[in-house]
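For reference, the structure is listed below as structure tokens.
No value in this document is a laboratory result; all are computed from the given coordinates. Given the structure is predicted, the values throughout are model-derived calculations rather than measurements. Heads up, the Cβs are rebuilt from the backbone with ideal geometry, glycines too, and the neighbour counts pull from every protein chain shown.
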Ligand code: GAL
């Protein structure tokens, strides 16, 4: 079933104010609401005195109208009595300052009192709501890590970090070795000498830092795990999800997603911003389990809780386009944030479907129209999958390692992954994301951007994928570091050298805008002429054949990119960051051909395949109408007519073809 809903806060409204909400939700076509994530103080006004009737009445009234409920555990904000009683559960930042109560995300997940109180409210709610008609699932907490809260530097975290390290390293010799603590005299004799990487005068040890970041991510995952297991045990009929934040970097979402039935995420695109960024985050979120929801979809102007600035109004047609974009990329549910703008609090400027006055205006009408379309066609796609020959190996420890030492000024691992994603997407193919321990067998091409943390196991796995006929693409900085974030004492790309058939002779960061021209080399090179910036590597080919060389200057005719036949497959090593156009040409050359050529830049194509067939979505994100050429005429769902081969697609237009 395809879910179409809104986030709703019954605790914000008096019964009198709320009385029209549910009939208007029904009229808008809403079939699910999400509630309760910030309402702990309403559920438990005093320790162990629980009050659920206000929520029960709302759930029952919704159910009567055929609207389902996703209930949240409210652990993101403990009641004020709990904070006053246990001030030690407040987080501390790297400089030792307390993160005070009054907003949200201020509690430390390693604080025993917070863990105990959280477990208790989750258990009480799970027992109370396990069999209540209308409830279909749970969202745990809200956006773990939001407002910079993943990493806490309090004494509870210090103790927990030392325990985490003890389990990983067992003794001081091993940790000294793994972190290379001989540098700057950081060697430990006793376990209790190990600190947190709190604020310090110069750069911290990258291995110490990477383990702290891993530990902080694991802390969030452990908190999720305990709620997930409790909810699955007490509410076996309900699904459990959590609202992720797309490309948010601080938590290893592969690990977090293991403790959900499927992840959700919160999508707040800005009008006029890159329309493919939401697609990137839809596909990242889908890739964790194969299924996802958008739990919060922007439906009105944003209103920043700190600056108080009001964001832009979504343009006519944008909300519908964003909704279909989510479904096209695999969403089985979309909930708008939020039903109605609230009248008080830090987000009183953050709008929803309805403004503060509750009047149904343009956005309500657009959402109602979208709801009708989704109700008519959505179930054709719900539960279906997205098939693609392409995957990007995107890993959080890699991201963290590059965040600490990007090498080139302005280089961001995730932006680089996005550039490759955008190039794949321009071919018409969807793209999956896989972790370093993920299954590669269903892909034809795996891009492994900036694969700097490598050991033999990972190298062997990629080698086996290529030997069996796959194509692997490496980009600069690959193979340089160990999984502990120290440097290998071998030529780059270290453990990848044999499969790449080359070594890196020299690396050159270009911090001040310098560029190099490159040109194709060898027969049928997939690399077009281009100007590259930020960072270049000079490659020394052994078995590999050059596919690009530097076109002039000091590096003239030296190798910039090469390919190496590896068993039945092929390995590319790009020693430069290809700019967008060149990357798009490269992706088109190495991926299987897509049935539509010359896709206009602002047109997105996505495909879902399920029991009821395969569907191709064509979405125009641009500011004018566009034309695409289908391989032959196809039936279009929304208009109910046959279209093509040449098809015009209006601004904000969405077409769905049965293929
Ligand atoms: C999300 C969050 C919501 C709300 C919304 C608008 O990040 O989950 O609770 O704050 O943003 O700011």
Using the basic label-point model (7 angstrom from Cα toward the beta carbon), what is the residue 512 to residue 305 distance in nanometres? 4.4
Computed over the Cα atoms of segment 455-537, what is the convex hull's projected area averaged over all directions, in nm²? 6.7
Taking just the alpha-carbon atoms of segment 114-201, what radius of gyration and Dmax come out, in angstrom? 19.9, 62
For segment 2-109, what does the equivalent ellipsoid look like in terms of its semi-axes, each the square root of 5 times an eigenvalue of the Cα gyration tensor, given largest first in whole Å? 33, 15, 11
Across all Cα atoms of segment 46-205, Rg and the largest Cα-Cα distance (Dmax), in Å, are 20.9, 68
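If you rank 105, 431 by fewest surrounding Cβ atoms within 10 Å, what's the result?
105, 431
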Measure off 7 Å from each Cα along the Cα-to-Cβ vector at residue 182 and residue 609, then give the distance between these two points in nanometres to one decimal. 5.4
Sort segment 128-280 into rounded, prolate or oblate with this rule: let a ≥ b ≥ c be the square roots of the eigenvalues of the Cα gyration tensor; rounded if a/c is under 1.5, and if a/c is not under 1.5, prolate when a/b is larger than b/c, oblate otherwise. oblate
Based on Cα coordinates alone, diagonalise the gyration tensor for segment 545-589, multiply each eigenvalue by 5, take square roots, and list the semi-axes in whole Å, largest first. 20, 15, 7
Sort the following peptides by mean Cβ neighbour count (other Cβ atoms within 10 Å, averaged over residues), highest first: 5-16, 351-362. 5-16, 351-362
Quick one: in segment 189-343, what % of C-alpha pairs are over 23 Å apart? 52
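Between residue 467 and residue 85, what length comes free when the chain is fully extended (0.36 nm per residue of separation minus the Cα-Cα distance, one decimal in nm)?
Numbers: separation 382, 0.36 × 382 = 137.52 nm, distance 6.11 nm.
Once the chain is fully extended between residue 467 and residue 85, it gains 131.4 nm.
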Computed from every Cα-Cα pair in segment 544-647, P(r) in 5 Å bins starting at 0 and rounded to whole percents is 2, 8, 14, 18, 14, 10, 10, 10, 7, 4, 2, 1, 0
Quick one: of the DSSP bridges fully inside the chain, what percent are antiparallel, nearest 5? 55
Over 5 Å intervals from 0, what percent of Cα-Cα pairs in segment 365-496 sits in each interval? 2, 9, 18, 18, 16, 12, 8, 6, 5, 4, 2, 1, 0
Quick check on the chain: what does the Kirkwood estimate of hydrodynamic radius come out to from the alpha carbon pairs, in Å? 26.6
In units of 2.2 N^0.38 Å, what is the alpha-carbon radius of gyration of segment 309-419? 1.47
On average, how much area does the Cα convex hull of segment 455-596 cover when viewed from any direction, in nm²? 9.3
Over all distinct Cα pairs, what is the inverse of the mean 1/r for segment 591-634, reported as the Kirkwood hydrodynamic radius in Å? 11.9
In nm, what is the difference between 0.36 nm times the number of residues separating residue 166 and residue 635 and their Cα-Cα distance? 162.7 nm
May I ask you to sort 539, 165, 231 by Cβ crowding, counting other Cβ atoms within 10 Å and putting the fewest first? 165, 231, 539
Direction-averaged shadow area of the convex hull around the Cα atoms of segment 195-274, nm²? 8.3
Rounded to the nearest 500, what is the chain's calculated 222 nm mean residue ellipticity when only DSSP H runs of at least 4 contribute -39500 (n - 2.57) each, over all residues? -9500 deg cm²/dmol
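Exposure proxy check: 511, 282 ranked by fewest other beta carbons within 10 Å?
Details: 511 12, 282 25.
Ascending Cβ contact count within 10 Å gives the list 511, 282.
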Relative packing of peptides 240-251, 451-462 - highest average C-beta neighbours within 10 Å first: 240-251, 451-462
How large is the translational diffusion coefficient of segment 54-130 in µm² per second when you combine the Kirkwood radius over alpha carbon pairs with Stokes-Einstein at 37 °C and 0.692 mPa s? 229
